[in-house]
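As structure tokens, the structure follows; a few thoughts come after it.
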Amino acid sequence: MSDLISIKGGREGLRLRLDDTADWQVLIEALKQQITQNSGFFAGARLTLEIGDRAINDAQMSTLLDLIQHHGVQIEALGATARESRSAARASGVVARPLPRYAEPTGPVQASESDGMLVTRTVRSGQVLRHHGHITLIGDVNPGGELIAGGSVVVWGRLRGLVHAGALGNVEAVVCALELRPTQLRIAEQITRAPEGAGKLGPETARIEDGQIVVEPWEGPKRG
Amino acid sequence: MARVITITSGKGGVGKTTTTANLGTALAMQGAKVAVIDADIGLRNLDVVMGLENRIVYDLVDVVEGRARLRQALIKDKRLPELCLMPAAQTRDKDAVSPQQMIELTNQLRQEFDFVLIDSPAGIEGGFRNAIAGADEVVIVTTPEVSAVRDADRIVGLVEAAEKGPPHLIVNRIKPRLVSRGEMLSVEDVLELLAINLIGIVPDDEAIVTSTNRGEAVVYDQGSLAGRAFLNVARRLGGEDVPFMAITDQQGVLEWLFGMIGRRRS
């Protein structure tokens, strides 16, 4: 992630925080690059955009909207301190919220990827859990359900849907499940399918080794 | 206190309408006052299955839009005076009704009936949302097929999100012979995935075809396995603790045995 853009997550969903001092064109280019590079993470997401103190006009707002919607992302709301920006958002039919001034400078996203989210439920067909950091799920992921994480994924249950770990490009991310039978397993840019037929049962972990996804039975943490 | 129960499935053709007609009839046979509502506006079927098509004068959309009073649109069943049908409009579509209007309609019906059963259209769009808007409880019908179970799983998620409480499950059209040969999903397989409260197992039964074509509920047919299964579901809905019928297939077991012997020889 570039220094100009960071992702924050929370109970209320994803927030994409944009730097409010950099040149507008530079920021738009950086945003375009981020979303294109991490399309696996962003496609289908709903998020709140935060633009800080930056004042944008109607034309800039629609540039922003076009860019984001073009990549299959929906904007839930726009957060801005400047009134002008909020009225530009409303003019484009986007919910606008006042925003407290950025307290901390926007940092690279790697720092926040260590954020974890713990969820206890069944992720059913058509449901998506998306988080910029790690996801720990106590429960099953049914076929047709999706887990998309910027970090690693741990499923204390049966993982039978689609899982994407390291969806923001982190090749160190891993996927662990008590029963690892995903319809598709993705880590960073790598994609694999579970082998046909029932294999060995028991906890397994998947990681990238030498540019390929490798699945191994869980035997405790790897050393070295 | 009236209960409003929506019967839905996600996937089409798994037996929602048949289930609604038979549960409605069975509950009325047990002495309850029952209204069944066809919420499949534009593709109405419930009236046909119940053999009441030729009595329709007003429909649900007429009531919602104020052209008819509730009483005028409710059609009495042929046999059971305590059973009424609210037919769907055939010449309109799902957009003719809003969820708010469905809530108001079901609230009116609550005052006169013990059970209000709503036959939902297939899908997860507006028609489905209308059908569950006024419901207290949801019954999900599925067949033991991977595609139907997948859609049922999607529906469970939507029903939970709509805060209707955990839905009940009916597994329809079980073929014991195929299950015993391991060629069909078993009820256990379905339950393992969906993990919701099982309220009925209905075997595949040719009597459904004949009764549907005659416009009569299969629960009248004492000899029919499916009819008995639906009667049991109705009793469970009423709070009775009814054990599940053992769905076995004598012929199937023999065939399976012969099949094993045949395979050994070859």
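For the structure I just gave you, tell me whether B:G127 is away from chain A (no Cβ under 11 Å), closer than 27 Å to B:V97 by Cβ and surrounded by fewer than 17 Cβ atoms within 10 Å (Cβ to Cβ).
Answer is no for this residue.
Can you list the helices (runs of 4 or more DSSP H) found entirely within region B:110-216 that contain at least 3 residues being β-branched (V, I, T) and within 11 Å of B:S9 (Cα to Cα)?
By residue number, B:146-161.
What's the number of the condition B:K76 fails, among (1) under 22 Å from B:G51 (Cβ atoms); (2) crowded, with 17+ Cβ neighbours inside 10 Å?
(2)
Of the residues B:V141, B:V116, B:V156, only one is at pLDDT 95 or above, under 17 Å from the mean Cα position of the chain (by Cα), more than 13 Å from chain A (Cβ to nearest Cβ) and farther than 23 Å from B:V61 by Cα; which?
Going through B:V141, B:V116, B:V156 in turn, just one is at pLDDT 95 or above, under 17 Å from the mean Cα position of the chain (by Cα), more than 13 Å from chain A (Cβ to nearest Cβ) and farther than 23 Å from B:V61 by Cα: B:V141.
For the list (1) under 20 Å from A:A188 (Cα atoms); (2) touching a helix residue (DSSP H, G or I) at 6+ places or on another chain (Cβ under 8 Å); (3) small (G, A, S), I need the number of the one condition that A:A55 fails.
(1)
Those residues that are crowded, with 19+ Cβ neighbours inside 10 Å, of a type in the set (A, V, I, L, M) and within 14 Å of chain B (Cβ to nearest Cβ), I need them from region A:117-146; list them, please.
Listed by number, the residues that qualify are A:V123, A:L129, A:V141.
Can you find even one residue in region B:150-158 that is surrounded by fewer than 24 Cβ atoms within 10 Å (Cβ to Cβ), out of contact with any Lys or Arg (no Cβ under 7 Å at 6 or more places or on another chain) and on the phi < 0 side of the Ramachandran plot?
yes
The values are calculated or read from the model by the stated rules, or taken from the named source; none is laboratory data. Owing to the predicted nature of the structure, the values given are computational and were not obtained by experimental measurement. Reconstructed Cβ throughout: ideal geometry from the backbone, glycine too, with neighbour counts over all protein chains shown.
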